[in-house]
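Each remark here refers to the structure printed beneath this line.
The values are calculated or read from the model by the stated rules, or taken from the named source; none is laboratory data. All values reported here derive from a predicted model rather than from experimental measurement. Please note: Cβ atoms are built from the backbone with ideal geometry, for glycine as well, and neighbour counts cover all protein chains shown. What goes into the accessible areas is simple: the full protein's heavy atoms, side chains included, and nothing from ligands, DNA or RNA. Shrake-Rupley method; radii C 1.70, N 1.55, O 1.52, S 1.80 Å.
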Number of protein chains: 2
Amino acid sequence: MRKLYHYPLDPASRQARIALAEKKLKVKLEPIDPWSPDKSFLELTPEGLPPTLIDIIPGSTVTISGARAICEYTNDGSPRHPLLPEDRVERAEARRIAAWFDMKFTQEVNAYILHEKIEKSLTGSGPADPQTLREGREHLQFHLTYLSWLLERRDWLAGNSFSLADIAGAANISCLDFLGEIKWRDWPDLKRWYQTVKSRPSVQPLLQDRVAGLRAPRHYADLDF
Amino acid sequence: MRKLYHYPLDPASRQARIALAEKKLKVKLEPIDPWSPDKSFLELTPEGLPPTLIDIIPGSTVTISGARAICEYTNDGSPRHPLLPEDRVERAEARRIAAWFDMKFTQEVNAYILHEKIEKSLTGSGPADPQTLREGREHLQFHLTYLSWLLERRDWLAGNSFSLADIAGAANISCLDFLGEIKWRDWPDLKRWYQTVKSRPSVQPLLQDRVAGLRAPRHYADLDF
């Protein structure tokens, strides 16, 4: 059976999980500790980090690493349940936003907040540094303002249909929400979008993830928050 | 006419230039100072950074930002001169490697070496910090070892055909070569690949770029180096 190596609170892994579920592809989830991956995982992938998909196709078993490659590969497999808009310009917009999450949002928000709150806590590297968290939160405010601005104008992040941009958004926002980092009352447009995203069968299982040593706020799995 | 806002020594801008040239699309190049972009450019794109493509399509003018979106959009426009392999698994490998350059290589090499040598020099923020350069060069050695390992086994970075992975590779390696950061005699497989890449008509114009205040080594534009 298809297998996905992942870490529950890793936005890249969450993108792969949502994309596979949107395409109705069954997959066995195999959790990986990103801070000390075991040798057999490292032999599997040059990236050394989840997500890594093992897919079984006629005649062979293939290994695909990284959120971007896995999401596009998954979408490439069949025209059913498309994850990219039909229009070429909207497709470019979806890819722009997905790449923006992978690069800018990851470097300016996740590298501060997820690193301080998850990695430090789970690897026993001491308490979160308040100054680093403060900087990450400033960047987060700035980027949520931009996402809200988009969602005032559009139903979905890249336009009129659910796409890889929303998958990247859901993966990143849900990790920050797990950590109680999003004050929803300040972001009504983002909240409307996230309520719709949370109700998708592809996203629901992520809201059931539990991570030893970390506790999500009460509203995390609620559709009405 | 189609227009591309770019910065000559920016690997992301170079990816867009090579992709457009590979698809035989004519484009007017408009240079941007990434460290103080003018207001009209900032109004054009939420990213605030090159590359940004202005394309004229029947009925409208569209703006596409970011290397990933521009390269895929360019390739999407027509099946001629494909920039992704026909095989779905090879296509995933090309996208994995392109994303690896956009994220890992950018964060671990460019953020050190290009930042210290180009940005600091051109913005008058003082001399390059030797310790930062040393760290960037250590990462570079590590990543060139990985690329060489791939190229011992393959003609092109993602397999049997030139693809978006080679475009990402050419864009990044050519910027580092402009700065004299690659000791070619240590990397014979990478050198063979880069010789072939340099001879492509899509890459040739990049080797003619001149940047005030920075001088490329003599071998930079030579096909025989």
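Calculated mean residue ellipticity at 222 nm for chain A: -13000 deg cm²/dmol, from DSSP H runs with n ≥ 4 weighted as -39500 (n - 2.57), summed, divided by the residue count and rounded to 500. For the range A:50-125, relative contact order (Cα pairs under 8 Å, six or more residues apart, normalised by length) works out to 14 percent. Note on B:Lys28: aspartates and glutamates with a C-alpha under 14 Å away, same-chain residues under 8 apart excluded, are B:Asp55.
Label-point distances for B:Glu43 to the equivalent site in the other copies, using a point 7 angstrom along Cα→C-beta, read 6.0 nm when ranked shortest first. In chain A the longest region clear of trypsin sites (Lys or Arg not before Pro) that are loop-assigned by DSSP and have at most 16 other C-beta atoms within 10 Å covers A:81-153. The alpha carbons of the range A:2-76 stretch over 31, 28, 19 Å along the principal axes, in descending order. Counting only protein heavy atoms, what percent of the accessible surface of chain B is carbon or sulfur at a 1.4 Å probe? Carbon plus sulfur share of accessible area: 52 percent. For chain B, a Gaussian network of Cα nodes joined below 10 Å ranks B:Thr106, B:Thr63, B:Thr123 by mean-square fluctuation, and the top entry is B:Thr123.
Given springs between every Cα pair under 10 Å in a Gaussian network model of chain A, which of A:Asp102, A:Asp87, A:Asp209 has the largest fluctuation? Per the Cα network of chain A with a 10 Å cutoff, A:Asp87 tops the list. For the residue pairs A:Lys183/B:Lys39; A:Lys104/B:Lys117; A:Lys104/B:Lys198; A:Lys3/A:Lys24; A:Lys26/A:Lys117; A:Lys24/B:Lys104, alpha carbon separations beyond 24 Å are given by A:Lys183/B:Lys39; A:Lys104/B:Lys198; A:Lys26/A:Lys117; A:Lys24/B:Lys104.
Residues of the range A:64-102 whose accessible area (probe 1.4 Å, heavy atoms of protein chains only) drops by at least 50 Å² once all protein chains are present, relative to their chain alone: A:Tyr73, A:Asp76, A:Arg88, A:Val89, A:Ala92, A:Arg95, A:Arg96. Assign one of three labels to chain A, namely rounded, prolate or oblate, based on the Cα gyration tensor with a ≥ b ≥ c the square roots of its eigenvalues; rounded applies when a/c is under 1.5, prolate when it is not and a/b is larger than b/c, and oblate otherwise. The shape class here is oblate. Take A:Arg210, move 7 Å from Cα toward the beta carbon, and the resulting point lies 6.8 nm from the same point in each other copy, nearest first. For the chain pair B and A, buried accessible area totals roughly 2400 Å², probe 1.4 Å, rounded to the nearest 100. Looking at the range A:2-76, the accessible area is 40 square angstrom per residue; that uses a 1.4 Å probe and ignores ligands, DNA and RNA. A 1.4 Å probe run over the protein chains yields, for the range A:88-221, 44 Å² of accessible area per residue, whole-number rounding. Between A:Leu207, A:Leu42, A:Leu164, the Gaussian network model of chain A with springs among Cα atoms under 10 angstrom shows the greatest mean-square fluctuation at A:Leu42.
The Cα center of the range A:185-225 and the Cα center of the range A:1-36 differ in position by 18 Å.
Its relative contact order, with pairs defined as Cα atoms under 8 Å and 6+ residues apart, puts chain A at 22 percent. Remark: accessible surface ordering of A:Thr61, B:Thr45 (largest first) is A:Thr61, B:Thr45, probe radius 1.4 Å. Here is the list for the range A:1-87: chymotrypsin sites (Phe, Trp or Tyr not before Pro) lying in DSSP coil, each with at most 13 other C-beta atoms within 10 angstrom of its C-beta, are A:Trp35.
In nanometres and ascending order, the distances from the A:Gly77 label point to those of the other copies are 3.2 (point 7 Å from Cα along Cα→Cβ).
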